[in-house]
Every structure is written in C-alpha cells, then in structure tokens.
Protein chains: 2
Amino acid sequence: MNAQDDYIIKPDLDSDVTTRPVKARDQFGNVLSLNAVQERPLTLFLNSREIVTLMSVGDYPDLLGVGYLVNQNMLTKDDVITAIDYDEEIQTIVIRTEHETDYEDKLKRKVLTSGCAMGTIFGDIMDKVEEAHLSTSLKLRASTIAPVLQKIKDTPSLYQKAGSIHGCVLCQEDKPILYTEDVGRHNALDKIAGYLYLNNLQADDYYLYTTGRLTSEMVIKAVSMGITIVISRSGSTHWAIELAQKTGLTLINRARGKRFLVLNDQDRIIYDL
Amino acid sequence: MNAQDDYIIKPDLDSDVTTRPVKARDQFGNVLSLNAVQERPLTLFLNSREIVTLMSVGDYPDLLGVGYLVNQNMLTKDDVITAIDYDEEIQTIVIRTEHETDYEDKLKRKVLTSGCAMGTIFGDIMDKVEEAHLSTSLKLRASTIAPVLQKIKDTPSLYQKAGSIHGCVLCQEDKPILYTEDVGRHNALDKIAGYLYLNNLQADDYYLYTTGRLTSEMVIKAVSMGITIVISRSGSTHWAIELAQKTGLTLINRARGKRFLVLNDQDRIIYDL
C-alpha cells in the first residue's frame, strides 16, 4: 500500500501559494531554475483583537491561526469557535469565538496596568506545562522508527520541491498521518495543534516527528499539546532536554535512516533492534 | 598559516557556559555521552526599560545585547553607550546610554496611545532598509568562496562540539574574521552587529557567511548592517530573494564545498572558475 494513503493532511505541491520559481546562477555562472518557498505575513486576530503577525509559507492558514492561539494558551477547550475568516488578499485570519476568551479578558485588564501582557501569557503557558500530566500508555518500538522515517521521506513535500522549510509529522503506530510544513518549525507544529483542536482529538496515541531542532519552545508546545514522544531529525538544546525530563516527554534526536539517539526515554521506547 | 590566526572573534570551546554534557541511548539502547548547547534566557534592558528576553547560548552577551538594539534600530550611531552591565546570575544585560534614545522617547509616546510600539518599530526598520544604499565597491571572486568555506569548516566550533547551533562568519577577502554562534541564527548575526557597532566599523568591505536559512528578517538585518554579500549554507525564502533584489544585496545559497548558487548577483561576483 502507498504510504500516501494514510495521510489526513499532507503537503499540497500543486498549490501555487507555497512556492515560486526563481532563476539562479551556479558557481560557473550558468543560469538555472529552481523553486523558493513563500514567506508571507499572516496577521492573526482573535475576535476584534490583533494578536500577532506570523511569517508563513501560506498553506493551512486556518490550522495555523487556531493552533497558534491554542499553543499560546489564548484559546482553550472551553472556547467555542463560531467562525474562521481568512482573507488571502490582505493576509489576515480572524478567529471568532462565541464568548470573549479568558485571554482577551486578562489582556484587557493587563493593558490598563503595564502595557504588554506577554509576560503573563508566558507565565500561564509555563504553569500549564509544569502541571501537565503526560500519558504513559504509548510505547514505541525502536524497530518502528526507521520504516516510518522512510515513509515520510518518500512523501512528496515542499522540502523536496524547494528546500528551506521545516516539517512536522504526527504519526500513529507505523503510519504518518498529519504532515505540515512551514518556514518556521513552530508554525508547522501549530498547524498540527490547530487540526487536533478543531477535530477535538487527544494527542496521547500519537508521536511527533520534526525536521527541526528542539528548543525549549518546541518542547513546551509539544507538552502543552499532550504529545508524549518527539523525534527530531536534528538535536536538542540543553534546556529542551531538561524540560523533557521535568515533564516526562520522551525525546529522540538525530533520527536519520536506521539511527537515532534517545535523550530522554521515560520507558516509552522498546529496544527491539 | 593557521586559519585560526585571522580571527578577531571565534567560538570559545573551553567555556562551560555554552555547552553541557548529556547522556543518551543509541537505537540499540547503548548508553553514550554527548554535548548539548545551552539555551538560556537573556533579558535585555536599554537604560531603565526592559526590551526583550532572548534565548541564547550565553557567550558574548554584550555583543548580543548591543547588536540586537542596533538591528532593531533602537540604538543608532548618535547614541553614546556609557555602560554595559551583564549579570550572569540573573541573566540580564543593561545597555546604558548618555542620553535617552529616540526609541525610548518614541516608545514612551506610543505606549500612551496604543499599548505596544512594535508595529512602529518594524515600520522604522523597513524604512531604514528601503532607504539603504549598499556600497557597490566590494567584488568577490567565485574562486575565493570554497577556500574560505574550508577555513570556516576547519575552525573548532560549538557546532562541531554539540551541534544544533547556527553560525555567522564575517569575512574579509579570503579570511574569516568574526565567527559567532547561537541557538538562533538571528542572535549570531546580532553579535556581529554588536561588534561592528562597538568598534565603529563599516561592513562595506566584509561579506557574511551563515549556516542558517535566509528569511526576510535575516536579509533585513544584513542590509541594515550595510553588508553587501551574504552567503548561506542553506537556502532563501522567496521574500528574502525579493528583498535582496529590492535593496541590491548579493545573495548566495547552498554554499557547500566547491558548489554554490547565486540568487541575486548585483555584479559583485566575478565568475573565475
């Protein structure tokens, strides 16, 4: 069976939104053609409030917008989304909720005092992460990893088409199912968070593969999403490793071909190779 | 002659600030030791005002702090720095100037109105970039690039020691002279900006090599620094290429070994291979 068939979401290579052709010269001066990934601003509104302008490759703006708010703890399970209005022309996305969110209320009060609520918000996120109780049910066989990485590698992607882009892939058992890409690895992960939130899915049964490095921010996002195993093609910062140990997140680095390094095991890896 | 001898600034591998040893398991479960780069918050103050908290590997905090302010257009040639106070314990750096900066004044007025001045600041930076007149004097022989890349590759680095870190190298003729690294490629470039500012140097005669991808933000920083040629080991986003064309920045991508791709020439490259 074709690995592609398992995907719920995968890179759309036919879209002209995400890449553009460019001309270049090689070291000898010979002209050649290649593709470059788009990087365009997407300004995100939560109801009437402007939240942030994200630099994005431009696909799945709804998943990115919702996922960003979820991972920033600005949108919670208690909030009910009534509309998601994306305007490609002016590159804005507006997420509308039934009632004003806690965050908006908090921000309103905060702005009256010290002008910027970002400190508070980060504090809230860290609290959420510290309190997180990650499920221990998911186990992963070491022998499963290489075949899954191969399936991902065999999937046509913007990375293959243009390079200079990061990918995140949510996997279940031996199947990659959600494959998102963006110019920032955080955006790619936020898109997955957006899908999980909009489809009311728990991340407990899934594990994440990412091409990007694991910084503290990536670990914080993964843990707040309830992901219990993160596999990176790249490495981790020391703080990311500390946060994984503190929160009980299984961390795997340098996953290439048949090789990988387990930085934090948490008894989720079955060494069967 | 040893390539190291040309460096004014290079990675300090003896410092225990930048990396820490960690234990890991390979795919068979065998325990091994490696190093992980530090990622720690550095909170930056301009006089009495808290500006930002940067995640940094922790070396050259003075260059990072000053360079960040310079590249954000918060510190200009007209400002006189009277003190740089770094407190490693509480991870703060305070840049003190003789007089209040334009930025502080602007921010003060702005906060009274709409609560956050970031929009204004970005506007200012874009204006500065659009107005930039990059020097056309510097030419670079295609035959110079591979030997310089080899010298950089031969330089002991945090990347070699621990991986998961980006490097920026400012080069003159066939010599790499300023080699900075950080968990974020922007920080590595800001450190170079800090050195240039503190030593009152123009970037006109130098070209930049970076391991990181070139996004719009990297091009904006390079142009506002007066750098005229940027060489990346990786690729560029389409907007980065557009900005290079608009501002007249020479952009080289995928520079590995003897190969590279010129995305925007600007008649600065002499094809002599």
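The values are calculated or read from the model by the stated rules, or taken from the named source; none is laboratory data. From a predicted model like this one, the values you see are computed outputs, not experimental measurements. Cβ coordinates were reconstructed from backbone atoms using ideal geometry, including for glycine residues, and neighbour counts include every protein chain displayed. Protein only, heavy atoms only, side chains kept; ligands, DNA and RNA dropped before computing areas. Shrake-Rupley method; radii C 1.70, N 1.55, O 1.52, S 1.80 Å.
Electrostatic bookkeeping for A:ASP204 treats Lys and Arg as +1 and Asp and Glu as -1; over the other residues with beta carbon under 14 Å from its beta carbon, the sum is 0. The Cα atoms of segment A:140-270 cover 37, 33, 26 Å along the three principal axes, with the biggest extent listed first. Amide H neighbours of A:GLY235 under 5 Å, counting only residues 5+ apart in sequence or on other chains, H built in-plane at 1.01 Å? Under 5 Å from the amide H of A:GLY235: A:LEU214, A:ARG254, B:SER164.
Each DSSP beta bridge with both residues in the protein assembly as shown is either parallel or antiparallel, and the antiparallel ones are about 75%.
For the protein assembly as shown, the Cα gyration tensor yields ellipsoid semi-axes of 35, 30, 25 Å (square root of five times each eigenvalue, largest first, whole Å).
Sites listed here are chymotrypsin sites (Phe, Trp or Tyr not before Pro) in segment A:1-109 whose DSSP assignment is loop and whose Cβ has at most 12 other Cβ atoms within 10 Å: A:PHE28. With 22 Å as the limit, the listed pairs B:LYS128/B:LYS191; B:LYS77/B:LYS221; B:LYS10/B:LYS175; A:LYS161/A:LYS191; A:LYS191/B:LYS161 have A:LYS191/B:LYS161 beyond it between alpha carbons. A straight chain from A:LEU13 to A:LEU273 at 0.36 nm per residue would run longer than the Cα-Cα distance by 90.1 nm. Globularity index of segment A:1-103 is 1.42 (Cα radius of gyration / 2.2 N^0.38 Å, N = number of residues). A point 7 Å from Cα along Cα→Cβ stands in for A:PRO21, and the other copies hold the same point at 5.5 nm, listed in rising order.
Exposed loop sites here are GluC sites (Glu not before Pro) assigned a DSSP state other than H, G, I, E or B and surrounded by at most 16 other beta carbons within 10 Å; excluding them, the longest clear run of chain A is A:174-273. Placing R0 at 35 angstrom, the Cβ-Cβ distance between B:TYR86 and A:SER48 gives a FRET efficiency of 0.25 after rounding to 0.05. Calculated mean residue ellipticity, 222 nm, chain B: -10000 deg cm²/dmol, from DSSP H runs (n ≥ 4) at -39500 (n - 2.57) each, averaged per residue and rounded to 500. For chain A, the Cα gyration tensor yields ellipsoid semi-axes of 30, 27, 17 Å (square root of five times each eigenvalue, largest first, whole Å).
On the principal axes of its alpha-carbon atoms, segment B:53-92 has extents of 31, 19, 15 Å, going from largest to smallest. Within the listed set B:VAL22, B:VAL66, B:VAL148, the Gaussian network model of chain B (springs between alpha-carbon atoms below 10 Å) gives the highest mean-square fluctuation for B:VAL22. Expressed to the nearest 5 percent, the antiparallel share of DSSP beta bridges inside segment B:127-273 is 65 percent.
Take each residue of peptide B:227-239, count the partner chain Cβ atoms within 10 Å of its Cβ, and average: the result is 4. The contact between chain B and chain A removes approximately 3600 Å² from the accessible area (both sides summed; 1.4 Å probe; ligands, DNA and RNA excluded).
May I ask for the net charge around A:GLY163, where only other residues with Cβ less than 9 Å from the Cβ of A:GLY163 are counted and Lys, Arg are +1 while Asp, Glu are -1? Taking every other residue near A:GLY163 into account, the sum is +3. Remark: spin-label model distance A:LEU32-A:GLN160 equals 1.9 nm, labels positioned 7 Å along the Cα→Cβ axis. Taking chain A as a Gaussian network of alpha-carbon nodes connected by springs under 10 Å, the highest mean-square fluctuation of the residues A:ALA146, A:ALA188, A:ALA83 belongs to A:ALA83.
Count the net charge of all other residues whose Cβ sits under 15 Å from the Cβ of B:LYS10, scoring Lys and Arg as +1 and Asp and Glu as -1. Summing Lys/Arg as +1 and Asp/Glu as -1 gives -3. Carbon-plus-sulfur accessible fraction, segment A:140-270 (probe radius 1.4 Å, protein heavy atoms only): 44%.
Rounded to the nearest 5, the antiparallel percentage of DSSP beta bridges internal to chain B is 70%.
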